[in-house]
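Chemist: Mind looking over this structure? Questions follow.
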Amino acid sequence: MRYLVRRLGFFVLTLWAALTLNFFIPRLMPGSPVDALRTRTHNRLSQDALEQLLASFGFKPNANLLQQYLDYLGDMFTGHWGVSIGASLGQPITQIIAQALPWTVGLVGVATVIAFVLGTLIGAVAGWRRGGVLDSILPTVFVITSALPYFWVALLLILFFSVWTGGWLPHDFNYDSTIVPGWTPEFIGSVLVHAILPAATIIVTAVGGWILTMRNNMIATLSEDYVRMARAKGLSDWKIMTGYAARNAILPNLSGFAMSLGFVVSGAILVEYVFNYPGLGYLLYNAVQNTDYPLMQVLFLLFTAAVLVAVLICDFAIVALDPRARATS
Amino acid sequence: MALATVGLLLSACSGGGTSSTSSSTEDTTGPTGVPSGNHEKGGQVTIVNVAGQTWSCQFNPFNPAVFQQSQGFVYEPLVFVNILNDQAETPLLASSYTWSPDGKSVEFTIRDGVKWSDGQPMTAKDVEFTFNLLKKTPALDTYALWTGAGLQSVTAAGNKVTMQFAAPAKVYFFNFANQVPIVPEHVWSTGEAAAHPDTWADDKPVGTGAFTVNNCNPNNIEYTANPTYWQPGKPYIQTVEYPAYLDNGPANLDLATGKGQWGSQFIPNIKAFYLDKSPDNHTWSPPVTSVTLYPNLDPSHAATSKLEVRQAIAMALDRSKIALVGEGGQEPAANQSGVVTPTFDKFFDSAAVASAGYDKPNTDKAKELLAKAGYGPDHPLDLSVITVTGYTDWDASLAVVKQQLAAVGINLTVQDLAQQTYDDKLYTGDFDLAYYAPPGGPTPYYEMRLNLYSKNSAPIGQPASSNYSRYSNPEVDALLDKYPVVDGDAQVQIVKQIGDAMMRDVPVIPVTEMVDWFQYNTKDISGWPTEHNPYAQPAAFNIPDVGIVLSSIWSKSAQG
């Protein structure tokens with residue numbers, strides 16, 4: 001119990017530190033929302049009018065910084081997130097996030113889960129039959145693909161499956177904009193088809209890591225006494241592989257998986273960018289480009305909260321799963 | 001002065017470009033007027049303009065983040081002024097106007113029979129209301145009409161609206177007549193719109209324009225034709241799709257495959273990537289301003305504040321080669337007089353450019369000038385130039401510039417900076433040379449005033465509004481001050497005189513000409529602006545030009 005309380009205390013402290021950094025770091029960046037707006041409007045508009053407009057939307061550069069900071073902390077917890085002062089000038093942040101979050105969680109989240117499941121399966125089998133055909137081909141191939149840059153894989157996939165094939169698979173957007181969104185088979189089909197290439201990009205580049213760690217864990221576990229014991233009992237290979245070896249080998253991978261779920265929210269900026277996929281990663285890029293403080297703050301809050309919560313759950317899970325964690329605390 | 005009725009002086013011209021025998025496919029138009037042919041209604045066009053954001057579905061025409069999707073489509077100004085055709089004017093909500101002899105007051109006659117898209121009539125009262133709204137809410141006065149241009153009052157009487165200025169104001173006509181969207185008083189004087197006109201979302205805009213917003217989501221805006229539009233027969237196109245493109249890559253691919261018909265951004269290697277994909281794919285990108293090297297004239301920058309060094313750079317550059325290699329030939333070369341050609345040919349004095357020795361690169365002369373300034377093989381000159389990271393065509397251009405300057409003994413370092421850092425350095429004067437394209441205007445005067453007027457400068461360390469090289473010359477200031485109060489030919493002479501100063505003092509060094517990127521597909525859509533009939537600026541981000549183009553193009557398949 002004391003361990004859990006300490007974890008919780010640590011969580012709160014980290015969250016506060018992260019929130020504080022999220023407030024100050026963007027303001028230390030060069031540039032200001034006024035300059036960004038001025039650039040976006042090609043220096044055609046009056047500087048005074050732009051400053052006043054941003055002020056109307058809640059940008060108060062001359063207010064006391066400490067006061068701004070305290071207001072910010074309060075607003076973050078009460079959900080008064082304000083409106084964008086960047087590319088979506090005037091649009092409520094909650095609305096912007098609500099429109100982008102489901103797409104990122106849907107695309108990157110599902111792709112991450114698929115990559116994990118696929119990687120773990122391949123890793124388990126490869127580790128079981130180490131030196132076999134599967135073991136000598138798949139891990140090697142996927143370790144190489146996981147070293148490739150996201151955007152490059154994305155461009156190759158677009159070239160192969162969209163450009164050279166005359167548009168087999170869509171290369172941009174999250175659904176066909178001529179379809180009215182709704183729970184219709186047409187819309188859902190369009191969403192799935194549009195997700196294939198971006199999801200494939202993430203899976204191809206992420207699966208290698210899971211394969212490698214799972215395979216190595218598997219090999220280490222296979223030399224454990226309890227596996228030898230299972231063999232001595234005459235259990236079937238399948239049962240030993242799944243019930244004795246893989247079940248233990250997957251434990252370290254699970255905590256890694258929990259962590260990576262936390263990072264899902266931050267999206268895959270480059271993947272979203274290349275595929276014109278309107279998710280959180282692209283939003284973050286755009287917010288930084290346009291010095292959009294309100295949007296940046298909320299995005300960073302989401303990202304830190306997601307990772308911290310994932311880590312916290314992971315801590316709790318370890319306590320539940322592993323008696324040694326309880327003993328050392 | 002009566003309003004020139006360009007586009008109403010009809011002359012037959014087979015601009016349709018199809019073999020159709022139907023008379024409805026013939027464009028009846030003056031050679032450079034807004035087409036006013038007779039076409040069947042129908043069809044759809046998809047705009048592929050990278051706005052770099054998902055749509056917020058707000059249409060407040062004064063919000064600079066969204067006004068490109070609002071003005072021209074839904075809201076219209078009083079008069080359309082065509083930059084590309086010697087400021088040819090097409091009357092929109094004002095049917096005509098008259099200036100007072102002293103040029104300090106202008107009286108607009110507001111068009112009869114125009115209806116807002118909710119059915120209410122549009123009147124002079126709405127025009128009066130709009131301009132006074134800008135006065136009441138300075139955040140909306142984005143062209144600083146009440147503060148900078150000296151607007152004193154706007155009053156309506158009958159169907160006339162009179163605008164009174166403190167000083168001759170013809171030079172601001174482009175801004176107040178062509179760029180201020182007229183909004184309906186009965187909508188904007190109640191509720192949220194009246195309380196906060198600057199932050200109001202205006203998600204269901206009521207305007208006089210050819211289109212209304214039918215449906216909007218973060219990915220796409222769909223506009224449909226306004227059935228009660230005041231121009232009879234227009235618009236021909238019934239549906240406009242405007243998807244939200246975040247980056248050039250996906251956008252250009254959709255242009256190449258024909259999914260979108262109207263492109264407005266740079267396509268690298270356009271011949272192979274776009275033009276060769278279909279005989280229906282075309283491009284025409286007219287130049288509007290100059291991509292310019294800004295030397296820092298402040299004495300703290302010893303080299304660039306020396307006239308000989310700037311002259312040497314201007315002499316050493318082979319601008320045609322920079323345009324060809326850096327911009328793939330899609331931008332023309334600029335010239336040292338700062339007049340964008342062929343757009344503003346009327347103001348261009350090629351003889352003066354030749355006699356000043358700037359008509360072709362001259363490396364020997366450049367070396368000579370550098371030697372005079374004290375630089376040579378023993379004292380090489382090191383300079384750096386700032387540019388924005390990600391502008392790949394500019395990077396390519398600067399690579400050629402670097403090569404050409406190396407040939408005369410200048411060692412140029414190209415600094416690729418993030419936009420924010422670049423802006424900061426550009427505005428405060430923290431650079432040797434800066435690569436930048438200023439906004440243009442209906443004549444070269446506007447760009448020259450931005451670059452050269454001493455009131456647009458500021459001491460080093462403080463942000464200058466547009467005179468980034470910190471040029472100050474009382475003679476040029478006087479010329480710039482004189483331009484607004486004279487007419488026609490005298491204005492041309494003034495621009496030529498300022499062009500002479502550009503060559504004498506080399507305050508800025510124009511390198512290539514910034515164009516209005518435009519790609520168009522003619523498979524189904526005809527009536528696009530072309531080199532032969534530049535009736536509006538063709539890139540979809542120009543307001544109000546986008547509305548003029550949208551109400552002039554028509555679908556071939558819809559013609560019976």
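The values are calculated or read from the model by the stated rules, or taken from the named source; none is laboratory data. Just so you know, these numbers come straight off a predicted model, no measurement behind them. Cβ sites come from the backbone with ideal geometry, for glycine too, and all protein chains shown count toward neighbours.
Chemist: Considering (1) part of a helix (DSSP H, G or I); (2) within 14 Å of chain A (Cβ to nearest Cβ), say which one residue B:148 fails and leave the rest.
Modeler: Among (1) part of a helix (DSSP H, G or I); (2) within 14 Å of chain A (Cβ to nearest Cβ), residue B:148 violates only (1).
Chemist: Hey, among B:171, B:154, B:206, which residue is touching a Pro at 6+ places or on another chain (Cβ under 9 Å), away from chain A (no Cβ under 14 Å) and outside any helix (DSSP H, G or I)? Full working, then the answer.
Modeler: Numbers: B:171 fails: outside any helix (DSSP H, G or I); B:154 fails: touching a Pro at 6+ places or on another chain (Cβ under 9 Å).
Going through B:171, B:154, B:206 in turn, just one is touching a Pro at 6+ places or on another chain (Cβ under 9 Å), away from chain A (no Cβ under 14 Å) and outside any helix (DSSP H, G or I): B:206.
Chemist: Are any residues in region A:235-277 among the aromatic types (Phe, Trp, Tyr) and within 14 Å of chain B (Cβ to nearest Cβ), and if so, which ones? Walk me through how you get there before you give the answer.
Modeler: As a first pass, look at region A:235-277 and keep what is among the aromatic types (Phe, Trp, Tyr): A:238, A:244, A:257, A:263, A:273, A:275, A:277.
Result: A:273, A:275, A:277.
Chemist: Restricting to region B:133-145, count the residues that are surrounded by fewer than 20 Cβ atoms within 10 Å (Cβ to Cβ), over 17 Å from residue B:60 (Cβ atoms) and of a type outside the set (Gly, Ala, Ser).
Modeler: Matching residues across region B:133-145 total 1.
Chemist: If residue B:455 satisfies every condition in (1) over 26 Å from residue B:496 (Cα atoms); (2) surrounded by fewer than 23 Cβ atoms within 10 Å (Cβ to Cβ); (3) not hydroxyl-bearing (Ser, Thr, Tyr) but one, which is the exception?
Modeler: In the conditions (1) over 26 Å from residue B:496 (Cα atoms); (2) surrounded by fewer than 23 Cβ atoms within 10 Å (Cβ to Cβ); (3) not hydroxyl-bearing (Ser, Thr, Tyr), residue B:455 misses (1) alone.
Chemist: Scan region B:28-48 for residues that are at pLDDT below 95, within 27 Å of the chain's Cα centre (by Cα) and surrounded by 22 or more Cβ atoms within 10 Å (Cβ to Cβ) and jot them down.
Modeler: B:29, B:33, B:34, B:35, B:37
Chemist: Please go through (1) assigned to a loop (DSSP other than H, G, I, E, B); (2) more than 8 Å from every other protein chain (Cβ to nearest Cβ) for residue B:201 and return the number of the only condition it doesn't satisfy.
Modeler: Status for residue B:201: all satisfied but (2).
Chemist: Could you tell me whether region A:158-176 includes any residue that is of a type in the set (Val, Ile, Thr), under 26 Å from residue A:263 (Cα atoms) and either surrounded by fewer than 21 Cβ atoms within 10 Å (Cβ to Cβ) or within 14 Å of another protein chain (Cβ to nearest Cβ) (or both)? Show your work before the answer.
Modeler: Our first condition is that a residue be of a type in the set (Val, Ile, Thr); within region A:158-176, this holds for A:158, A:163, A:165.
Okay, now just the ones that are also under 26 Å from residue A:263 (Cα atoms), so A:158.
Checking the rest, the ones that are also either surrounded by fewer than 21 Cβ atoms within 10 Å (Cβ to Cβ) or within 14 Å of another protein chain (Cβ to nearest Cβ) (or both) come to A:158.
Checked against the condition, which is being of a type in the set (Val, Ile, Thr), under 26 Å from residue A:263 (Cα atoms) and either surrounded by fewer than 21 Cβ atoms within 10 Å (Cβ to Cβ) or within 14 Å of another protein chain (Cβ to nearest Cβ) (or both), region A:158-176 yields at least one hit.
Chemist: Still on this structure, I have one more. Just to be sure I understand, how many residues within region B:209-230 are touching a Ser or Thr at 6+ places or on another chain (Cβ under 8 Å), under 23 Å from residue A:88 (Cβ atoms) and within 14 Å of chain A (Cβ to nearest Cβ)?
Modeler: 7
Chemist: Now for a separate question. Look at region B:431-442 and say how many of its residues are modelled with pLDDT of 95 or more and more than 11 Å from chain A (Cβ to nearest Cβ).
Modeler: Total satisfying the criteria: 5.
Chemist: Let me ask something else about it. Of (1) modelled with pLDDT under 90; (2) within 12 Å of another protein chain (Cβ to nearest Cβ), residue A:83 satisfies all except one. Which?
Modeler: (1)
Chemist: Then there is this: For residue A:122, indicate whether it is of a type outside the set (Gly, Ala, Ser), surrounded by 14 or more Cβ atoms within 10 Å (Cβ to Cβ), touching a residue at least 40 places away in the same chain (Cβ under 8 Å) and within 14 Å of chain B (Cβ to nearest Cβ).
Modeler: Values: of a type outside the set (Gly, Ala, Ser): yes; surrounded by 14 or more Cβ atoms within 10 Å (Cβ to Cβ): yes; touching a residue at least 40 places away in the same chain (Cβ under 8 Å): yes; within 14 Å of chain B (Cβ to nearest Cβ): no.
Here the answer is no, as residue A:122 does not meet what is asked.
Chemist: Another question, if that's okay. Between residues in region B:330-353 that are among the aromatic types (Phe, Trp, Tyr) and residues that are assigned to a loop (DSSP other than H, G, I, E, B) and surrounded by fewer than 24 Cβ atoms within 10 Å (Cβ to Cβ), which pairs lie under 6 Å by C-beta distance while being six or more apart or on different chains?
Modeler: Listed pairs, sorted by first residue: B:348/B:341.
Chemist: Within region B:246-293, take every residue that is β-branched (Val, Ile, Thr) and within 14 Å of chain A (Cβ to nearest Cβ) and give me the one that is nearest to residue B:314 (Cα to Cα). Break it down stepwise before answering.
Modeler: Of region B:246-293, the ones β-branched (Val, Ile, Thr) are B:257, B:267, B:270, B:283, B:288-289, B:291-292.
With the extra rule that they be within 14 Å of chain A (Cβ to nearest Cβ), the set shrinks to B:257, B:288-289, B:291-292.
Values: B:257: 41, B:288: 21, B:289: 18, B:291: 13, B:292: 11 Å.
Within region B:246-293, the match that is nearest to residue B:314 (Cα to Cα) is B:292.
Chemist: Here are B:421, B:428, B:413: which of them is surrounded by fewer than 21 Cβ atoms within 10 Å (Cβ to Cβ) and at pLDDT 95 or above? Steps first, please.
Modeler: Working: B:421 fails: at pLDDT 95 or above; B:428 fails: at pLDDT 95 or above.
Going through B:421, B:428, B:413 in turn, the sole match is B:413.
Chemist: Residues in region A:86-119 that are within 23 Å of residue A:36 (Cβ to Cβ) and within 12 Å of another protein chain (Cβ to nearest Cβ): how many?
Modeler: In the first step, residues of region A:86-119 are kept if they are within 23 Å of residue A:36 (Cβ to Cβ); the result is A:86-97, A:99-100.
Now restrict to residues that are within 12 Å of another protein chain (Cβ to nearest Cβ): A:86-93, A:95-97, A:99-100.
Residues meeting the conditions: 13.
Chemist: How many of the residues in region B:518-527 are outside any strand (DSSP E or B) and surrounded by fewer than 23 Cβ atoms within 10 Å (Cβ to Cβ)? Explain how you work it out, then say what you get.
Modeler: Initial filter on region B:518-527 (outside any strand (DSSP E or B)): B:518, B:522-524, B:527.
Of the ones still in play, those that are also surrounded by fewer than 23 Cβ atoms within 10 Å (Cβ to Cβ) are B:522-524.
Counting residues in region B:518-527 that are outside any strand (DSSP E or B) and surrounded by fewer than 23 Cβ atoms within 10 Å (Cβ to Cβ) gives 3.
Chemist: For region B:46-91, which residues satisfy the criterion of being touching a strand residue (DSSP E or B) at 6+ places or on another chain (Cβ under 9 Å) and of a type in the set (Asp, Glu)?
Modeler: Of everything in region B:46-91, just one residue is touching a strand residue (DSSP E or B) at 6+ places or on another chain (Cβ under 9 Å) and of a type in the set (Asp, Glu), namely B:89.
Chemist: Out of all the residues in region A:50-65, which are modelled with pLDDT under 90 and part of a helix (DSSP H, G or I)?
Modeler: A:65
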